[in-house]
1. Rounded to the nearest Å, what's the spacing between the alpha carbon centres of region 39-92 and region 260-317? Just the number, please.
2. What spacing in nm lies between the two simple spin-label points modelled at residue 512 and residue 653, each 7 Å away from Cα in the Cβ direction?
3. Within region 14-270, what percent of beta bridges assigned by DSSP are antiparallel, to the nearest 5?
4. Under the 0.36 nm per residue contour assumption, what length would be gained going from the current alpha-carbon distance of residue 563 and residue 353 to full extension?
5. For the ranges 590-598, 300-308, what's the packing order if you count other beta-carbon atoms within 10 Å of each residue, average per peptide, and put the highest first?
6. Considering only region 303-455, what is the antiparallel percent among its DSSP beta bridges, to the nearest 5?
7. Calculated FRET efficiency, residue 202 and residue 236, Cβ-Cβ r, R0 30 Å, to nearest 0.05?
8. Would you kindly state how much longer the chain becomes between residue 82 and residue 144 on full extension, computed as 0.36 nm times their sequence separation minus their alpha carbon distance, in nm to one decimal?
């Protein structure tokens, strides 16, 4: 009889959730409410994180909080997570002196809160990743490698995927065979760095090394019990990546190993900034995050229903007959929408009152907001309780904090931040409030002060990294210059007819080399694989991006089309070289960028509308451009030609029959699926 195995029960799976971000990116909103409770698609951020952990079979959660701890405790106490049927047992720990992740984990170690492997996440993670495989691999490595202390869960994505934090990125050096992380470096966009310094010993000890910057790091980590203790031993470690991971991988003592687990087909993102807040909201409304979508009704009492066009509506919503809801719109219960209101790509909270003739585009309107007649809101956030008097225009990237009042007849300039929170601020923070121009800025009935957060940046921080992570950031409308002088700026402006999607780095040599490479490929009839290899090698050698490649490659390919035989010529050219365009597209964001480049190039050609129509249709048939990307581009400001020559809007309108056909085809497919289910 074989000996019986020693079957020991597995330890309770715990998670440590950092409720604080230890940065100031969401001020002045976070003066009144903790960041983890800010609403994303009308649900607090913390709810998504706890749901993610519950799906991962976590049983106990240690919730570390510093700012507004009573609000967090009250939320947990009144939520479904405090019910008898809750799969999670949540313990809230207040860490009033913690100034960083390192301080919080040292508190975990001092209080002996963890006795086995645990999951470490922030309270702003939105993910449908299944962690069972990562946990299994982590435990297996721990059984054979006593020095293994962490597995980082990373999401593969384009370097310019919209849910990446644009002011910062990461480079991971990974052993392709074992998934061991060999080196890590964090990069800020400004000031720009052209090189990475790494010991050559990495290549001597490992034969299969990948250097990757195509990974979204949401800081979902499976940690051993040693991790908090290592922070206690190193009081200068503050951040989990820049200090802890970098320190472990670049020092010989203590000798520890860190591994990566890369997921491809799941969704994972962190609300690091206003830019990622907006991007994740769009993804959720577009159902890229399924099953984490509004009609999943994660909170008790939610009643969202999904309607065609990615519209989500709760019960007790009053819509006037003349209001127009575009795509990607969410409306909470108790809200009233007046006559001739237009809402597109926006989230409307609960009990919101919107008067007549109001236009809302790409914005986030939180609970109990009142918007009077004639207002226009573009790509901005209106926090709970905000009031807009009649005829107020809120331009792009504005942030109106809790209970601010603006108007009437006021035009708020772009990037305006207003707050009414003046109590309990430090002397330094009070210095960032501008009371001098309050009346002129916010109107005769206005209540609130201008918040000047750019002045709070320390000398060793570059404010441009915060600018590029703003709410209304758009890759196609941002010009980056970094001359190394004080004149270096980020210029956010409409694209002129002369500079549409030209080489954004001003690298004429790069463009010329790409064109020469393409000329050889065309003349010598290279295969698509060879041409793509040469272009990608050139991209890496010049430290440029896939966007830079597309701005040269797409026009060069379309220039092969003979206008006099347009239909036949487009087919002939794209049947050969359309796949090359496809090899430069890594995400839906890249697809939208491709459509913008196509529009800009066709605007300068004869038979522009026919050329654009046939090109998009053929790329769609080749599965290079997908329907969702076409819809997103079609409804964007760039496609509509806002602030651009009339030809852009005309080109977009010429695609209307094709877009309508796509919509009708999708509806027929849904009807057939519904019929099959019945």
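1. 18 Å
2. Distance between the two pseudo-spin positions: 4.2 nm.
3. Rounded to the nearest five, the antiparallel share is 55 percent.
4. Between residue 563 and residue 353, full extension yields 70.3 nm more.
5. 590-598, 300-308
6. If I count the DSSP bridges inside region 303-455, around 20 percent turn out antiparallel.
7. Result of the calculation: an efficiency of 0.80.
8. Working it through step by step, the gained length comes to 18.5 nm.
Where a number appears in this text, it was derived from the coordinates with a stated rule and is not lab data. These numbers were taken from a predicted model, which means no experiment stands behind them. FYI the Cβ positions are ideal-geometry reconstructions off the backbone, even for glycines, and counts take in every protein chain you see.
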